[in-house]
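Okay, so here's the structure we're looking at.
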Amino acid sequence: MALYYEDFKEGMVFESPRRTVTEADIVIFTGLSGDFNPLHTDEEFAKKTIFGRRIAQGTLTFAIMTGLWDMLGIIRGTAIAFYGVDKLRFTKPVYPGDTLRVKITVIEKKEREMGGLVVLHNEVLNQRDEVVLVCDAKILVKKRHS
């Protein structure tokens, strides 16, 4: 269920459904983004790196996080704009076959003329509950009676 600005309270916590990162995700994102770094496209090259095998692009992980927001539904239809992101860090590699979910904590609210700015602290976790991405996303959300 979509939430309006007034519905968000600092300290609220949400957890998204899970989603597995597939080979197809990486291939499609590589073509879409133009990021053909061999870490993502060349298994033999990647075997010789600190990761030991191919990894998903960090920006793919970020994109999956935003898709998990939509699957959760809390801003579907009430988000006005993605205002920005702060403190973005890719803390662990994501491999093909990893299953991700996002834990979201509301950390701040700011009233604006055309809506309200909600700051969501995001922790993207893999199937081992390891944080693979962390960031604070700012979303401009509709007010209930605006």
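The values are calculated or read from the model by the stated rules, or taken from the named source; none is laboratory data. Worth saying up front: this structure is predicted, and the values here are computed from it rather than measured. Don't worry about glycine lacking a Cβ; one is built from the backbone with ideal geometry, like all the others, and counts go over all protein chains shown.
Results for (1) of a type in the set (F, W, Y); (2) modelled with pLDDT under 95; (3) in contact with a helix residue (DSSP H, G or I) (Cβ under 6 Å, 6 or more places away or on another chain); (4) within 30 Å of L140 (Cα to Cα), shown as yes or no for each residue.
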residue: Y4; (1), (2), (3), (4): yes, no, no, yes
residue: S16; (1), (2), (3), (4): no, no, yes, yes
residue: A24; (1), (2), (3), (4): no, no, no, no
residue: F29; (1), (2), (3), (4): yes, no, yes, yes
residue: F51; (1), (2), (3), (4): yes, no, no, no
residue: A63; (1), (2), (3), (4): no, no, no, yes
residue: F82; (1), (2), (3), (4): yes, no, no, yes
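If only one of V85, V94 is of a type in the set (A, V, I, L, M, F, W, C), touching a residue at least 12 places away in the same chain (Cβ under 8 Å) and part of a strand (DSSP E or B), which one is it?
Every option except V85 fails the conditions.
Restricting segment 88-123 to residues that are over 13 Å from the mean Cα position of the chain (by Cα) and hydrophobic (A, V, I, L, M, F, W, C), which is surrounded by the fewest Cβ atoms within 10 Å (Cβ to Cβ)?
So, considering only residues that are over 13 Å from the mean Cα position of the chain (by Cα) and hydrophobic (A, V, I, L, M, F, W, C), the one surrounded by the fewest Cβ atoms within 10 Å (Cβ to Cβ) is M114.
Give me the residue from segment 41-55 that is assigned to a loop (DSSP other than H, G, I, E, B) and of a type in the set (V, I, T) and, out of that set, surrounded by the most Cβ atoms within 10 Å (Cβ to Cβ).
Among those residues, the one meeting the criterion is I55.
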